[in-house]
Amino acid sequence: MQKKVMWIGLVLALISNLNVNAQYSQQDSTSKRYFIGSTFFVLGNFAQTNKPDFAQINFGYRLTEKDVVSLELKTWKYSWPLGIPYGDSFEAPEEKFPGYIRDYGFAVAYQRFLWKKLYAGVHVMSAWQSFVDEDNQKIDNGFQIFNTYRLGYHIKMFNNRVFIEPSIAITHRLYHTKMPDGFKQQDDKWSKFFYGEPGLHFGFNF
């Protein structure tokens, strides 16, 4: 599902490349300082299997032409360790948790435009976790700090009312509390980093 969403974003990027500069100048009469948005990853909720039950909303403010801060509220669930790379082990039945983890949290994000529409971003998320067994019973609580390091491309659309941001990222579980035994055994096999996660955010300026 993520790969399909990424392809949609790349197509939109090619047909919507209407503006030379992505920065939001205070002297530009069409410039907007605030935005609200989310990510097209919510389309994963329509998957036939392994639905993430994902929800996210972003509130952002453009400090300068090149500097952006935002607050992201999000929740999702997952049944495999987050460090499994793409390949044969990705979502393989033998790597599955004995249940799933539900995260609720918020992230503070900072974006810096590097050159025209190209930007780098850091997202630092605090997440409170519920561990649920295969009988759908909650068995434990947890907490993690989950960072995302992102490189993306900002595209203005519809007279600067809307934007999309295709991106690629490295995710990093900087810290997490001890997991229940069955979850820990699976998670300990894999890295705290995941490389090459696609992203496709969108937003509405005001």
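Put simply, the stretch 118-189 fits an ellipsoid with semi-axes of 35, 15, 10 Å; these come from the alpha carbon gyration tensor as the roots of five times its eigenvalues, largest first. Computed over the stretch 60-206, the percent of Cα pairs more than 25 Å apart is 36. Less than 27 Å apart at the alpha-carbon level, and either on another chain or at least 8 residues along: which lysines does that give for residue 77? Answer for residue 77, where 27 Å is the Cα cut-off: 3, 4, 51, 96, 138, 178, 184, 189, 192, listed by chain and number. The residue 128 and residue 92 beta-carbon pair, evaluated with R₀ = 22 Å, returns a calculated FRET efficiency of approximately 0.20. Thinking of the stretch 148-206 as a set of Cα atoms, what percent of all their pairs are more than 18 Å apart? Every Cα pair in the stretch 148-206 considered, those over 18 Å come to 54 percent. Using +1 at the Cβ of each Lys and Arg and -1 at the Cβ of each Asp and Glu in the stretch 106-156, identify which of 110, 127, 154 lies farthest towards the dipole's positive end. Going by the Cα projections, it comes out as 154. Here the stretch 61-206 is assigned +1 on the Cβ of each Lys and Arg and -1 on the Cβ of each Asp and Glu. Its dipole about the Cα centre then comes out at about 900 debye. Above 18 Å, the calculated P(r) of the stretch 91-156 contains 57 percent of its Cα-Cα pairs. Each peptide in 190-196, 134-140 was scored by the mean count of other Cβ atoms within 10 Å over its residues; highest first, the order is 190-196, 134-140. Its Cα centre serving as origin, the stretch 114-158 has a Cβ charge dipole (Lys and Arg +1, Asp and Glu -1) of approximately 740 debye.
Every number in this text was worked out from the coordinates using simple rules, so none of it is lab data. Here the structure is a predicted model, which is why all the values come from computation and not from measurement. With ideal geometry, Cβ positions are generated from the backbone for all residues, glycine too; neighbour counts draw on all protein chains shown.
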